[in-house]
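Written below as structure tokens is the structure these notes are about.
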Amino acid sequence: MGSQCAYGYPEKYRKANTSKYVQGVEVTIDYDGEIPEGFDIIELPKAKYLMFQGEPFKEDYCEAIETVQRLMEKYDPSIIGYSWDEENPRIQLEPIGTRGYIGMKAIKKL
């Protein structure tokens, strides 16, 4: 299994009465293990992502997350020939102090 992730889901992926935010782990396409009650396996479409990684942190992961998220919001992907792809989910990896916070936003060619 992969690292724990959080996803900000666009509405087209959400079931009725469910949250915009979900937690999960990446599994192989042929995974046939146990699925805990209340969880689902979903398949996301192939997409390109820009990854933003903050500095390592000791304790205040909230500040680390907010710093990277502010930078993500300010970044203009058109300078590299892309725009934000709001049809695909945002991805956040589990905040681990030794590697810094990692957030990813989908992009598409202009």
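With PRO89, PRO45 as the choices, which residue is closer than 21 Å to TYR9 by Cα and crowded, with 16+ Cβ neighbours inside 10 Å?
PRO89 is the lone residue from the list that is closer than 21 Å to TYR9 by Cα and crowded, with 16+ Cβ neighbours inside 10 Å.
Just give me the residues in the stretch 20-39 being in a loop (DSSP other than H, G, I, E, B) and surrounded by 10 or more Cβ atoms within 10 Å (Cβ to Cβ), in sequence order.
Those that are in a loop (DSSP other than H, G, I, E, B) and surrounded by 10 or more Cβ atoms within 10 Å (Cβ to Cβ): LYS20, GLU26, VAL27, TYR31, ILE35, PHE39.
Might you let me know whether the stretch 63-81 holds any residue that is among the acidic types (Asp, Glu), in a loop (DSSP other than H, G, I, E, B) and without any contact (Cβ under 8 Å) to a residue 40 or more places away in the chain?
Yes, that holds for at least one residue.
Hey, can you tell me all the residues within the stretch 16-46 that are within 15 Å of the chain's Cα centre (by Cα) and modelled with pLDDT of 85 or more?
Matches in the stretch 16-46: LYS46 only.
State all residues of the stretch 48-69 that are surrounded by 10 or more Cβ atoms within 10 Å (Cβ to Cβ) and among the basic types (Lys, Arg); if no residue qualifies, say none.
LYS48
For the stretch 82-100, what are the residues that are part of a loop (DSSP other than H, G, I, E, B) and under 16 Å from TYR21 (Cβ atoms)?
Selection gives GLU86, ASN88, PRO89, GLU94, PRO95.
The values are calculated or read from the model by the stated rules, or taken from the named source; none is laboratory data. Just so it is clear, the structure is predicted and the values come from calculations on it, not from any experiment. No Cβ is skipped: glycine too gets one built from the backbone with ideal geometry, and neighbour counts run over all protein chains shown.
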